[in-house]
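Before any comments, here is the structure.
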Amino acid sequence: MKQAPEHLVELIEPIVEGLGYECVGIEYNPHPQHGMLRIYIDHENGILLDDCSKVSHQVSGALDVEDPIQGNYQLEVSSPGADRPFFKLNQFERYIGSSVQVALFKPIDKRRRITGEIKAVEGDAVVLREGERLIAIPFHTMSKARLVPEYLLNKGGRNGK
């Protein structure tokens, strides 16, 4: 998964969780002039703009003090949205029965993208049902994974073809 380096996760996750939010994941895309640090937060009552601002303010203060990132970057805090990204294996367990689109580092059956229903998490693999077929995808082979919202499934979007 496209998780930020461990030192950033160790700095940011406790701040987010200390404010009462779930830290869904942290992405970091380094670039000399246009770096991006994106933090996805969630809460059982949902996320509003005020929640994002609150987390941004606290994290920004810690980043200013610790200064863990070289160069310029933009800090963005957002909800995971309807097509929430997955960063950890246990996040798939919470969405068993839902559809997910997975991008792979290396092809499986000559395909780098697979869309299917999450059937189970077994060991370090996620088992997806694609049509009548079950596919076990090791977590470490996934470059990206996102939930496929129901409204896209009903309209035939993101069907993996």
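Does residue 35 satisfy the condition of being farther than 30 Å from residue 122 by Cβ, surrounded by fewer than 17 Cβ atoms within 10 Å (Cβ to Cβ) and touching a Pro at 6+ places or on another chain (Cβ under 6 Å)? For residue 35, the condition - farther than 30 Å from residue 122 by Cβ, surrounded by fewer than 17 Cβ atoms within 10 Å (Cβ to Cβ) and touching a Pro at 6+ places or on another chain (Cβ under 6 Å) - is not met. Number of residues in the range 106-127 that are within 26 Å of residue 41 (Cα to Cα), touching a Ser or Thr at 6+ places or on another chain (Cβ under 8 Å) and of a type outside the set (Gly, Ala, Ser): the value is 3. I'm trying to understand the selection: among the residues of the range 85-109, which are modelled with pLDDT of 95 or more, assigned to a strand (DSSP E or B) and either within 14 Å of residue 136 (Cα to Cα) or within 14 Å of the chain's Cα centre (by Cα) (or both)? Within the range 85-109, 85, 100, 101, 102, 103, 104 qualify. Among the residues of this structure, residue 56 does not count as one that is polar (S, T, N, Q), within 30 Å of residue 20 (Cα to Cα) and in contact (Cβ under 8 Å) with a residue 24 or more places away in the chain. Taking every residue in the range 2-19 that is within 20 Å of residue 85 (Cβ to Cβ) and polar (S, T, N, Q) and pairing it with any residue that is open to solvent by less than 80 Å² (accessible area, probe 1.4 Å) and in a helix (DSSP H, G or I), at least 6 positions away or on another chain, the pairs with Cβ-Cβ distances below 8 Å are 3/9. Would you confirm, using the coordinates I've provided, whether residue 5 is open to solvent by 20 Å² or more (accessible area, probe 1.4 Å), under 16 Å from the mean Cα position of the chain (by Cα) and on the phi < 0 side of the Ramachandran plot? Yes; evaluated as a whole, the condition is true for this residue.
For the range 105-119, the criterion of being surrounded by 13 or more Cβ atoms within 10 Å (Cβ to Cβ), closer than 21 Å to residue 88 by Cα and in contact with a helix residue (DSSP H, G or I) (Cβ under 7 Å, 6 or more places away or on another chain) is met by at least one residue.
The values are calculated or read from the model by the stated rules, or taken from the named source; none is laboratory data. Remember, it's a predicted structure, so these values are computed and weren't measured experimentally. Ideal geometry is used to build each Cβ from the backbone, glycine not excepted, and the neighbour counts take in all protein chains shown. Remember, those area values only see protein heavy atoms, side chains included, never the ligands or the DNA or RNA. Shrake-Rupley method; radii C 1.70, N 1.55, O 1.52, S 1.80 Å.
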